[in-house]
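The values are calculated or read from the model by the stated rules, or taken from the named source; none is laboratory data. Owing to the predicted nature of the structure, the values given are computational and were not obtained by experimental measurement. Glycine also receives a Cβ, built like all others from the backbone with ideal geometry; neighbour counts cover every protein chain displayed.
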Amino acid sequence: MNILPCPWCGSSETRWEGEASWGFLLTCDSCYASGPARDSKEQAIRAWNEGPSFNISERLKAHADQCEAEAKELEEKAKRIRARAAEASEGDGNA
Ligand SMILES: [Zn+2]
């Protein structure tokens, strides 16, 4: 099984940290992030490859969706304010 680049920084400089007695654990040499400890190397690689990167990309997408929704709301608010300003300037003309 291939070891994918670090899910946090994208570096491919990973190494094994700790073996046998307390489990296998991958560590990034670039940002020092470490994956979850597992009983076998294969399980540790799977956890490193799939777990964190999936969660992070899902979280980032959700955050982007939220930002877009907020931006749309602010745009509509700005339109309402401009419409109100247009009404007010007509009023100014009549006064
Ligand atoms: Zn890293």
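General remarks:
- Only a single item in (1) at pLDDT 90 or above; (2) buried (at least 16 other Cβ atoms within 10 Å of the Cβ); (3) within 15 Å of the ligand (Cβ to nearest atom); (4) not in a loop (DSSP other than H, G, I, E, B) is not met by Ile3, and it is number (4).
- Candidates in region 36-63 are the residues that are at pLDDT 85 or above and under 17 Å from the mean Cα position of the chain (by Cα); of these, the one that is surrounded by the most Cβ atoms within 10 Å (Cβ to Cβ) is Trp48.
- Selection within region 9-33 - surrounded by 16 or more Cβ atoms within 10 Å (Cβ to Cβ), within 14 Å of Asn49 (Cβ to Cβ) and within 11 Å of the ligand (Cβ to nearest atom): Thr14, Leu26, Cys28, Ala33
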